[in-house]
1. Scan segment 37-87 for residues that are among the polar types (S, T, N, Q) and assigned to a loop (DSSP other than H, G, I, E, B) and report the count.
2. So which of A138, A85, A89 ends up being in the same structural domain as P299 (by TED's automatic domain parsing), hydrophobic (A, V, I, L, M, F, W, C) and surrounded by fewer than 18 Cβ atoms within 10 Å (Cβ to Cβ)?
3. For A104, indicate whether it is surrounded by 14 or more Cβ atoms within 10 Å (Cβ to Cβ), in contact (Cβ under 8 Å) with a residue 24 or more places away in the chain, assigned by TED's automatic domain parsing to the domain that holds L178 and in a helix (DSSP H, G or I).
4. Among the listed residues M143, M170, identify the single one that is touching a Phe, Trp or Tyr at 6+ places or on another chain (Cβ under 8 Å) and farther than 29 Å from N283 by Cα.
5. When you check L290 against the structure, is it buried (at least 19 other Cβ atoms within 10 Å of the Cβ) and in contact (Cβ under 8 Å) with a residue 60 or more places away in the chain, yes or no?
6. Scan segment 267-307 for residues that are of a type in the set (G, A, S) and under 20 Å from the mean Cα position of the chain (by Cα) and report the count.
7. Please work out which residue is nearest to Y205 (Cα to Cα), limiting yourself to segment 80-135 and to residues that are at pLDDT 90 or above and of a type in the set (D, E, K, R).
8. List the number of the failed condition for H243; all other conditions in (1) in contact (Cβ under 8 Å) with a residue 24 or more places away in the chain; (2) over 25 Å from the mean Cα position of the chain (by Cα) hold.
Amino acid sequence: MGPGNRPLDLEWLEDFLALCDSGNFSRAAEARAIAQPAFSRHIRALEEWVGVDLFDRSAHPAVLTAAGQRFEPLIEAVLAQLETARTKARAAHHMAQASLRFAATHVLSLTFFPRWLSGVEAHLQVGPIQTLSDSSHACEDLMLQRRVQFVLCHGHADVPSRLDEAQYPMLRLSGDVLRPVSAAHVQAKPMQGASDTPGLQMLAYSDASGLGRIMRSHLSRLEKDAPQTTAFGDAPTVFTSHHAVLLKTMVLEGRGVAWLPQSLVAEELRNGLLVPAGPDSWNVPIDIRLYRQKGEMAPLAEDLWQLAKGQS
């Protein structure tokens with residue numbers, strides 16, 4: 001006797017435990033609400049799958065063999081674990097249906113998202129919220145993999161993201177500005193990008209950063225339209241990161257010039273720790289955008305989208 005390639009039917013395990021309880025094939029079959037011949041076939045099929053007899057049929061009532069005695073507690077544990085797994089999976093599904101899942105870029109998760117969420121909660125009971133904070137590229141991946149319902153990020157009309165190219169629905173929630181800044185304490189005047197500024201060093205965004213894509217496009221146009229900014233093209237990039245917050249820290253340390261969101265540096269500009277590193281014409285207006293999944297979402301997520309749509 002041997003299992004061969006025959007698949008295991010979980011119903012056989014339930015039948016096995018029923019027979020362990022009653023010791024009688026007829027009563028066990030009745031308890032399982034199946035005909036006795038079919039029940040007996042199930043027990044025999046399970047024994048063939050295991051490869052040994054599990055019951056001594058010569059005894060009345062039927063008793064477990066040594067193999068059956070070893071088998072019984074293990075099967076009870078397996079079925080209990082399966083039931084627990086099913087319960088937890090269903091609970092996770094219901095929680096996911098009742099929760100909102102956001103991916104937000106690092107800078108917006110710190111600056112814009114908390115304030116915007118408070119405004120949403122004033123009109124909508126949102127319940128549990130799951131928020132993942134990462135680079136723009138990673139947030140796009142999460143949306144493309146359907147692991148989140150919404151993505152909050154910066155955007156620019158002239159620099160389409162992968163979500164724009166895939167035509168994900170988008171709302172413009174607000175505006176922001178990228179502006180070149182430097183540390184005020186380095187020298188009396190800012191380390192501006194004028195061509196006569198010696199030792200100009202750039203702090204740049206990485207390829208994974210949406211702000212980086214916007215800045216590379218903007219600098220290319222700026223150097224064509226404003227010859228006095230050619231120093232930017234020649235300036236060495238001494239530090240690269242997709243974290244705008246990290247770039248801000250490096251600017252405050254006097255490491256160079258970076259284009260940072262106004263929402264991130266407003267306080268430092270007011271208190272004089274940072275100063276503009278160029279005229280207002282070098283600033284880059286950008287959007288704060290909310291993207292959503294293309295298909296139908298859970299009711300709560302759809303309600304939030306409609307609310308944001310009405311407010312944008």
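1. Start the filter on segment 37-87 by keeping residues that are among the polar types (S, T, N, Q), which leaves 40, 58, 65, 69, 81, 84, 87.
Adding the requirement that they be assigned to a loop (DSSP other than H, G, I, E, B) leaves 58, 65.
The number of residues fulfilling the criteria is 2.
2. Details: A85 fails: in the same structural domain as P299 (by TED's automatic domain parsing); A89 fails: in the same structural domain as P299 (by TED's automatic domain parsing).
Going through A138, A85, A89 in turn, just one is in the same structural domain as P299 (by TED's automatic domain parsing), hydrophobic (A, V, I, L, M, F, W, C) and surrounded by fewer than 18 Cβ atoms within 10 Å (Cβ to Cβ): A138.
3. Details: surrounded by 14 or more Cβ atoms within 10 Å (Cβ to Cβ): yes; in contact (Cβ under 8 Å) with a residue 24 or more places away in the chain: yes; assigned by TED's automatic domain parsing to the domain that holds L178: yes; in a helix (DSSP H, G or I): no.
No; evaluated as a whole, the condition is false for this residue.
4. Details: M170 fails: farther than 29 Å from N283 by Cα.
Going through M143, M170 in turn, the sole match is M143.
5. Values: buried (at least 19 other Cβ atoms within 10 Å of the Cβ): yes; in contact (Cβ under 8 Å) with a residue 60 or more places away in the chain: yes.
Yes: the conditions hold for L290.
6. Looking only at segment 267-307, we keep the residues that are of a type in the set (G, A, S), and these are 272, 277-278, 281, 295, 298, 301.
Of the ones still in play, those that are also under 20 Å from the mean Cα position of the chain (by Cα) are 295, 298, 301.
Number satisfying all stated conditions: 3.
7. Step by step, filter segment 80-135, then rank; the result is D134.
8. Of (1) in contact (Cβ under 8 Å) with a residue 24 or more places away in the chain; (2) over 25 Å from the mean Cα position of the chain (by Cα), only one is false for H243: (2).
The values are calculated or read from the model by the stated rules, or taken from the named source; none is laboratory data. All values derive from a computational prediction rather than experimental measurement. All Cβ positions, even for glycine, are placed from backbone atoms using ideal geometry, and neighbour counts span all protein chains on display.
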